[in-house]
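Note sheet for the following structure.
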């Protein structure tokens, strides 16, 4: 599973959740996790979560993760959402290690009573995709939702901190998935 | 998914990891999570983890969780290990909420430098099983491994605390799995 | 699995077979069976059955069933058609209980030598859909096919009878699927 | 899918539900449905239904069906039970056509208030098995269950009638499964 | 699995890789392998291989194979590519039997240092598709790739030879897949 | 996928086809291909091929391949036999490159009219296993089957040649499977 950090600035407009985006846009072949810092503003026709229809999904600056898995054929939304949960729980753990106590509800992370993150998972028949992102700032987020950002909380993370955090999250996630594969091959079954 | 707490005292000897144990021993039909406090001493012919062959797997008192899932047909070791990881991460979170800081490596939880937990997952073609247990005390655990127990750490959990914790873990786990199912049904796919 | 009866009158134009229709149009999350009485006139671009290309698929009044299952991931056309057959056989049984003797061929039901029903199944990667409908009247059905309706046969069902029948069918179907799940969890496997 | 009728007399002792029985005992390779008339007396160690543990499962004369499917890899208990239900519903239909009105509950058929049939489904990772049998007589059935037989009811079926019925059931079942496969290949998916 | 040879001349423009093409264009229901001799010029919006984006995929005369499998539900890209490889290896073997020594790399066949073949596999949720084609001549192939054709090599195959070869390939492929199914049903599993 | 060549001499008695053999006997975790030169004499209770029941399966010296795949969960006999065929076809190709012309029928290879190879595939729910072996000599093979060996044919391969061939086969096989995975991740699906 390949890991890649992009230069800051790319807008997350929802198109990156499309299957094969990493191959078509970045030339990355096979399973991958790509991270970058950039704004978010999702085109309504790129919406994946039907509960978000009609809502604004935007933020001035977030740290983004786009994951694509090709290991399961055919792709499986159930497994994909299990992996999303594992990712979110890893994020919560690593924030905790930085002294940032958060609250998780499903795939949402809350910090100081504000929504810190957005996430969705989806798939085509041949790949599973996950998008996860955390606000660096609450600026540019929808008015009707209380939000918070990693650079605004008590820990006052810098961009450098966030970049490092993103790498740690990616590494831990890749390791966890690989670890699971190892566990399968040492287990007696019935 | 049914939840059940058994009276304290039953030995975990490894037979409870067998598919259909909850139905055969307790009359529970369908997916379930069963918890109880009791000792552990695994018969060598009930070993599931081939890395444990030749090792003693025992403890005088643990809080046990036995999970069985029938929702995936045929059963899938990969999904089963994903669920095990989610369970372990929920445990870590709930310990944290009790002020008990732990370290997770794969499916193991460490507390104050000692091994707190054991876990395994397995399956037959029609069901997926998970066993997870935490020491209440380090007594009766193998000599060659540093262990620790929930009643011995700074938080000094009582049996009542542990019983309550076990219920919380079960509830949170059942909710998480159910939540994932809900998420599938609101997601646009490609 | 949720059951819902809609007010009479909604046209079945084929759009209701789209995955997630129940969620998007009715706010129903998760697996569901929705029934209503209304006309049918399928837009040619909503056709699912390639054998129907170029045919008129219409009727002035039918009792409709739209089923969506999210329990199997990824969705499986084979299982979906097995469920469709089970639905159609339940319908035949319940008509029989009302004294209406019919003939089943695959997913079609015939009454007094006329075609009583239409049905199709399809899926996206995350859900399985079934449409099944029976004519209340032969009015408005294609000229080149002999059809018959539930209010026209000897039993002369009223709208109230049909509504009650639809509820019975839904309940029996939901119970059957749930029953199958129960059976899995009491079965020894090899 | 091969169909075979055996000579009358073979005891159904539960061993015939084992995967590959048709190949090992009869040399039949691939999916098959085998029928014969004979007694039943299931060895306790051949029990598949955990709810039957401790019960006598026997009858002096029944018409038996043993089905094995290799088309789904890996085998799937859920699909297997769907097929079992379809089989049972076909049986009910064909009895009806002979003027024998029965009642179905799950995989059981009742006639004149007595239990007419037994059935179970199971699988190994490579094949799905179904056993279904109907009493010809209530003789030799357990004392604590009211049973009935095809030769005892008003229709008074003869052995020849039953043999013919068994062939019809087999043919209808094979046709139904094949029909479903045909339907898949004419269906537009999303 | 049905085999069909079409009259020569039909352009392969990429539309034939669409699921259900054989049914919609030729009325063939179920799994099939269709062969014909004709030119190739793939519309850019029919491209399946993302590595081919921007490239010309064309040739004046090729022998084409279009395969569709409905036996696996849901369809599986991994199995589909395994079947593609088996097809390509059968082709190599049959060319060898005609005295034409070739080199295979993945799904490409090379002859006398020139590229002889093109191939792709894809799927929808209900069917798996494979296209494989060999140049009869290098005329009309892209300028930037060295190609070769079956009628140009030392063996100088005639159109009749190629038609016969195509039939042999189809037969051998159908036999191989059927053979695999047979093998499953004689194998003990764990 | 790990490759390992063992020292010559180990008897293939059928136990090596058991799931997890590579881990339990050799400490190899995860998917692997293991090769060695040694005799074969299969215990009748280790037979996997039900067609071999009652037959002697033995040879004084063969080159063996034992493959285990954990990548597909749950394991799939169909895919497993596809991989077996790919392996056998790779063997045939590499023999050809050494000037040894053979004939393949299903999973058997014939040389100079004698049977050169044996092969079987099987699986548990968590892994897929393949055994393939070629005679080095026809000594010690069953009397009722004409066999041939790699050291006896015109090419007169030495032990060193065979060891090198085994490595090439392993490498080519591992590369082929990995290549297929790559192809999936560049393919547009429907």
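Read-outs throughout are calculated quantities, based only on the coordinates presented, and are distinct from any laboratory measurement. Being a predicted model, the structure only gives us computed values, none of them experimental. Using ideal geometry, Cβ is built from the backbone for each residue, glycine included, and neighbour counts are taken over all protein chains shown.
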Quick one: compute the contact order of chain B, relative version, from alpha carbon pairs under 8 angstrom and 6+ residues apart, as a percent.
-> 22 percent
Hey, could you grab the Kirkwood Rh for segment A:1-104? Inverse mean 1/r over distinct alpha carbon pairs, Å, one decimal.
-> 15.2 Å
Rounded to whole Å and sorted largest first, what semi-axes of the equivalent ellipsoid does the C-alpha gyration tensor of the protein assembly as shown yield via the square root of 5 times each eigenvalue?
-> 42, 41, 36
What share of the DSSP beta bridges in segment D:2-184 is antiparallel, in percent to the nearest 5?
-> 85 percent
Measuring from the longest principal axis of the C-alpha atoms of chain D, the long axis of helix D:159-184 (C-alpha) lies at a number of degrees, nearest 10, equal to 20 degrees
Quick one: work out the % antiparallel among DSSP beta bridges in the protein assembly as shown, nearest 5.
-> 85 percent
How far is residue E:159 from itself in the other copies, in nm, if each label sits 7 Å out from Cα along the Cα-Cβ line, shortest first?
-> 5.9, 6.6, 6.7, 6.7, 9.1
What FRET efficiency, computed as 1/(1 + (r/R0)^6) with R0 = 41 Å and r the Cβ-Cβ distance, is obtained for residue B:164 and residue A:56, rounded to the nearest 0.05?
-> 0.50
Among the residues of chain F, which one places its Cβ closest to the rotation axis that maps chain F onto chain A, and what is that distance in whole Å?
-> F:71, 4
With the Cα gyration tensor of segment C:1-53 in hand, give its eigenvalues times 5 under a square root as the equivalent ellipsoid semi-axes, listed largest first in whole angstrom.
-> 21, 14, 9
For residue A:53, inter-copy label distances in nm, listed shortest first [label point 7 Å out on the Cα-Cβ vector] = 2.9, 2.9, 4.9, 5.6, 5.8
Residue-averaged beta-carbon neighbours from other chains (10 angstrom radius) around D:172-182 = 4
Which percent of Cα-Cα pairs in segment A:2-184 sits in each 10 Å bin, short to long?
-> 9, 40, 38, 12, 1
In degrees from 0 to 90, rounded to the nearest 10, what is the angle of the helix A:77-97 Cα long axis to the longest principal axis of chain A?
-> 50 degrees
Segment F:59-135, Kirkwood Rh and Cα Rg, ratio Rg/Rh at 1.02
Per the helix-only model, the protein assembly as shown has a calculated mean residue ellipticity at 222 nm (DSSP H runs of ≥4, -39500 (n - 2.57) each, divided over all residues, rounded to the nearest 500) of -9500 deg cm²/dmol
For segment F:121-190, taking Cα atoms only, what is the radius of gyration to one decimal and the Dmax to the nearest whole Å?
-> 17.9, 54
Calculated label separations, residue B:96, copies of the chain, 7 Å along the beta-carbon direction, nm = 0.3, 5.8, 5.8, 5.8, 5.9
Between segment E:72-140 and segment E:1-64, what's the alpha-carbon centroid distance in Å?
-> 13 Å
